[in-house]
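**Q** Dropping the structure in here first, questions after.
Taken together, the values in this text are just the output of simple stated rules run on the coordinates, not laboratory data. Only a predicted model underlies this, so the values are computations on that prediction, with no experimental measurement involved. Using ideal geometry, Cβ is built from the backbone for each residue, glycine included, and neighbour counts are taken over all protein chains shown.
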Amino acid sequence: MAAHCEKAQLDWGFVREGATLRDFRLLAMDMDSTLISIECIDEIADYAGRKAEVAAVTAAAMRGEIDWPESLRQRVKALTGLEEGALERVYAERLRFNRGAEKLIEAARRQGVKTLLVSGGFTYFTDRVREKLKLDYAYSNVLVVESGKLAGHVTGPLVDAHGKAAHVARLKQELGIGPERVLAIGDGANDLLMMAEAGTSIAYHAKPVVKAKATYALDYAGLDGVLNLFAEP
C-alpha cells in the first residue's frame, strides 16, 4: 500500500475504526513550515542579506544534523543590528498559513480540542498567529531588541526540543489527560520530543527522521488532511 500511494502521490494511514477528532483534548503544533509555510528566521535573515547562510543552518538543524540550541544561537547572532521593522515586514509580506491550517483549527475548536502552538521561533510571530487563529496557547523564544534593533540573542527559557515537550507535558497534567488524548504535528527533528508526548503524531511534509517516528505522515495533503484521518462525529 505504501508503495502504491507513493507512486500515486497519496497520503495514507491505518486508523482505528470510529476514531474522531473529538477523541483528543489537545492539539499541539509546531509553527515554522508546519502551521505556516515559511521559516521566519530565514526570512528575517533575508533583510540582513544573510538568508542563504542562515537557511543552511536551519535545514541542518531540522534534519537533526547539528545541535539545535547552538544552531539557534548562530542564526540569531547573524541578525545582530537588523532594524526591528524587519519583523513586521516578514509577518505582513511573507507569513502565510499552510493549506488547510484554518480549517483544521476551526474543526478542533468545534470539537472542544485545546490548541497549542509551540515553536522554536519567536514570540513576535507566535503571538500574532495565536491571536489570528484564536489558539488557546502559544510559546516560543523572545528576541531581544535594543534601541530599535535586534541585539543578536534571545532571552528567557529556551523553547528548544525539550522546551516544546515540557509545555505539552505540563498541559497534559493541567488538563488531566493521558497521551492518548494528545495529537501532535511537526516537521523537524526538534519536534520529536514533543511528538513523543502525544499518543498520536503526524509528520507534516517532514524530514525523514520525523516521518520514521510519527504515527502518520502527510506528504501531499494540506493540514486539513488530518481531518480525513479523524473525521468529526
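**Q** Taking the Cα atoms only, what angle lies between the long axis of helix 68-77 and the longest principal axis of the chain, rounded to 10 degrees?
**A** Around 40 degrees separate the two axes.
**Q** If we count every other residue with Cβ under 12 angstrom of D67's Cβ, Lys/Arg +1 and Asp/Glu -1, where does the sum land?
**A** -2
**Q** Relative to the longest principal axis of the chain, what angle (0 to 90°, nearest 10) does the C-alpha long axis of helix 123-133 take?
**A** Helix 123-133 and the main axis of the chain meet at about 40 degrees.
**Q** In degrees, nearest 10, range 0 to 90: what is the angle between the Cα axis of helix 161-175 and the longest Cα principal axis of the chain?
**A** 50 degrees
**Q** Sorted from fewest to most neighbouring beta carbons within 10 Å, what does the list R128, R110 look like?
**A** With the sparsest Cβ surroundings first, the list reads R110, R128.
**Q** Still on this structure, I have one more. What whole number of Å gives the distance from the Cα centroid of segment 123-177 to the Cα centroid of segment 178-233?
**A** Here the two parts' Cα centres lie 20 Å apart.
**Q** Still on this structure, I have one more. When only C-alpha pairs under 8 Å and at least 6 residues apart count, what is the relative contact order of the chain, in percent?
**A** 28 percent
**Q** In addition: Please give the contour-minus-distance gain from D11 to Y47: 0.36 nm per residue of separation, less the Cα-Cα distance, rounded to one decimal in nm.
**A** Here the answer is 9.3 nm.
**Q** Report the label-to-label distance for R99 and T80 in nanometres (one decimal), using points 7 Å from each Cα along the Cα→Cβ vector.
**A** 4.2 nm
**Q** Given bins 10 angstrom wide, list per bin the percent of all Cα-Cα distances in segment 72-143, short to long.
**A** 17, 46, 27, 10, 1
**Q** Ok, one more. Using unit Cβ charges (K, R positive; D, E negative) and no other charged atoms, how large, in debye to the nearest 20, is the dipole of segment 104-163 about its Cα centre?
**A** Rounded to the nearest 20 debye, it is 280 debye.
**Q** Give me the compactness ratio for segment 173-233, meaning the Cα radius of gyration over 2.2 N^0.38 Å.
**A** Taking N as the residue count of segment 173-233, the ratio is 1.12.
**Q** Kindly rank 32-43, 148-159 from highest to lowest mean number of other beta carbons found within 10 Å of each residue.
**A** The packing order, highest mean first, is 32-43, 148-159.
**Q** Given Cα pairs under 8 Å that are at least 6 residues apart, what percent is the relative contact order of segment 105-233?
**A** The normalised contact order for segment 105-233 reaches 15 percent.
**Q** Taking only the Cα atoms of segment 71-200, how large is their convex hull per residue, in Å³?
**A** Looking at segment 71-200, the number lands at 114 Å³ per residue.
**Q** For a quick size check, give me the Cα extents of segment 1-142 along its three principal axes, largest first, whole Å.
**A** Cα extents, longest axis first: 54, 37, 26 Å.
**Q** If the chain between T155 and E88 were fully stretched, how many nm would it gain, using 0.36 nm times the residue separation less the Cα-Cα distance?
**A** 22.1 nm
**Q** Moving on. What is the ratio of the Cα radius of gyration of segment 129-233 to 2.2 N^0.38 Å, with N the residue count, to two decimals?
**A** 1.23
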